[in-house]
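What follows is a short report on a single structure.
All of the numbers you see were taken from the coordinates with simple rules; none came from a lab. Predicted model only: the values in this text are computed from it and were never measured. When we count neighbours, we look across all protein chains shown, and the Cβ atoms used for this are built from the backbone with ideal geometry, even at glycine.
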Amino acid sequence: MSHAGHGYNFAMNAARRTSKPAPRPSIEPDRLRAPLARLLRPLVKLCIRGGMTFPMLAQLLRELFVNVAEYDFALDDKEQTDSRVSLLTGIHRKEVARLRGAGAPVNETPATLSRTSAIIARWIAAPEFTDKRGDPLPLPRTADGDAPSFEALVASVTKDVRPRAVLDEWLDRNLVTVNGDQEIVLVNAGLVPQGDDDRKWHYLGRNLHDHVAAAAENVATSPPPFLERAVHYDGLSHKLAKRLESRSRELAMEALKTANREANRAVAKDKGGSSRWNFGVYVYSESEEPDSPHDDADESGQP
């Protein structure tokens, strides 16, 4: 569940910007080989599955190496030169000169995705649009007074687009359905992008970037500035692994919903700025055993 919204700043980040940066420990290239191989393997599988060949990926990496060296490793009060970028990247100076100036990679969330995520985030966070359990209420399209409605929900986030246009778009993308009482119901696809939903590809890059960026900053900086932890057990039976995965999904969703509710309230009082905040949770399990119809049967109901 990923939602774009106003930036929300951790005090730790503010302290890092205003205080003298901590010295970065040196990193030997050989120490990066094993973790990078493991990190890149699923991405290589995704590339092959998507038809992205090695020469295409190599060209992208070449452009990124030049881009990162140009923008992220410039010296204070000194112009970044082709020679220094070449020295940092190992790419020939003539190739550096050709690739420089292409601009930093796009980090902005497309407007339609930002709007969709912001509206869904409010639907599952604001008390007027949720039930006692915190689940999103089915909403009539319109309502009198201050009664909750889909129009009121959209209007509470943006005045730049008509609620009817949002509803038509969401119905077409199967983010919502209309029940027998003619109420608009948020479906699971609204929380988890599926199929050809553009949000799926945007958040692939955004969430993986933030997770890897946090982990990379932690190994490059002392003390580690970000929380990046996991609970992991090996050598499990397939049945227990599946049960732990199911339970961890429940715990993760509760954590995300709680964080979203608190952030939604805080954003309403925030003056705004250029910072952003991302709180993510991942669950992964791996097994060579096939699913069994008995895997879900558990008398205790506990891991």
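By the Stokes-Einstein formula, at 0.890 mPa s and 25 °C, the stretch 111-190 with its Kirkwood radius over alpha-carbon pairs has D equal to 195 µm²/s. Subtracting the Cα-Cα distance of Tyr284 and Lys159 from their residue separation scaled by 0.36 nm leaves 41.1 nm. Start at zero, step by 10 Å, and the Cα-Cα distances of the stretch 33-82 spread as 21, 37, 26, 14, 1 percent across the bins. A full extension of the chain between Lys45 and Glu28 corresponds to an added length of 3.4 nm, given 0.36 nm per residue minus the alpha carbon distance.
Taking other C-beta atoms within 10 angstrom as a stand-in for reagent exposure, Tyr233, Tyr71, Tyr203 fall in the order Tyr233, Tyr71, Tyr203, fewest first. Modelled spin-label separation between Met56 and Lys200, with each label point placed 7 Å from Cα along the Cα-to-Cβ direction: 1.7 nm. The dipole here belongs to the stretch 193-283: it is taken about the Cα centre, uses +1 on the Cβ of Lys and Arg and -1 on the Cβ of Asp and Glu, and is about 340 debye. The stretch between Lys94 and Ala147, if pulled fully straight at 0.36 nm per residue, gains 12.6 nm over its current Cα-Cα span.
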